[in-house]
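Structure, as structure tokens:
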Amino acid sequence: MATSTKEEIKSTMNGAHRKAEEVYDKAEEKFSAVAENLNQISDKVKRASSDLADKSIEMAQKYPVHTALGAVAVGFVLGAFIARRR
């Protein structure tokens with residue numbers, strides 16, 4: 001009877017170990033997929049920000065007066081806002 005109980009415990013432990021390995025493997029697959037998706041998103045953001053920077057430079061070169069006036073306006077508004085908070 002004791003041998004049978006030991007065998008049942010051993011069998012249960014082996015089953016639990018296999019189940020834990022399966023869960024670990026599935027989690028590892030999911031994390032790998034998430035990491036790959038994050039890498040793809042990061043690449044897209046890098047490309048988009050680079051494109052936006054290029055377009056901003058192009059617009060500033062095409063319309064320098066408008067850009068300067070816009071910068072002065074933004075600076076004035078920010079300065080007024082900061083002065084008002086003090």
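So, in nm, how far is label R47 from label A73 when the simple model puts each one 7 Å beyond its Cα toward the Cβ?
Once both label points are built, they end up 3.3 nm from each other.
Find the centroid of the Cα atoms in the range 33-54 and in the range 58-86, then give the distance between the two in whole Å.
29
Between 0 and 90 degrees, rounded to the nearest ten: what's the tilt of helix 2-62 against the longest Cα principal axis of the chain?
10
Within the chain, how many Lys pairs sit with Cα atoms under 18 Å apart, leaving out pairs fewer than 8 places apart on the same chain?
Details: K10/K19; K19/K30; K44/K55; K46/K55.
Eligible lysine pairs with Cα atoms under 18 Å apart amount to 4.
Computed from these coordinates, which is percent of Cα pairs over 19 Å apart: (1) 73; (2) 68; (3) 46?
Answer label, from the structure shown: (1).
For helix 64-85, report the angle its Cα long axis makes with the longest principal axis of the Cα atoms of the chain; keep it between 0 and 90° and round to the nearest 10°.
Relative to the chain, helix 64-85 is tipped by roughly 70 degrees.
If each residue of separation counts as 0.36 nm, what is the full-extension length gain between M59 and R86 once their alpha-carbon separation is subtracted? Let's see the in-between values first.
Details: separation 27, 0.36 × 27 = 9.72 nm, distance 3.51 nm.
Result: 6.2 nm gained on full extension.
What nm distance separates the two modelled labels at Q40 and S11, each placed 7 Å from Cα along Cα→Cβ?
It works out to 4.5 nm between the two label points.
Bear in mind that the values in this text are calculations on the coordinates, not laboratory data. All values derive from a computational prediction rather than experimental measurement. Here Cβ is always computed from backbone atoms with ideal geometry, including for glycine, and neighbour counts include all displayed protein chains.
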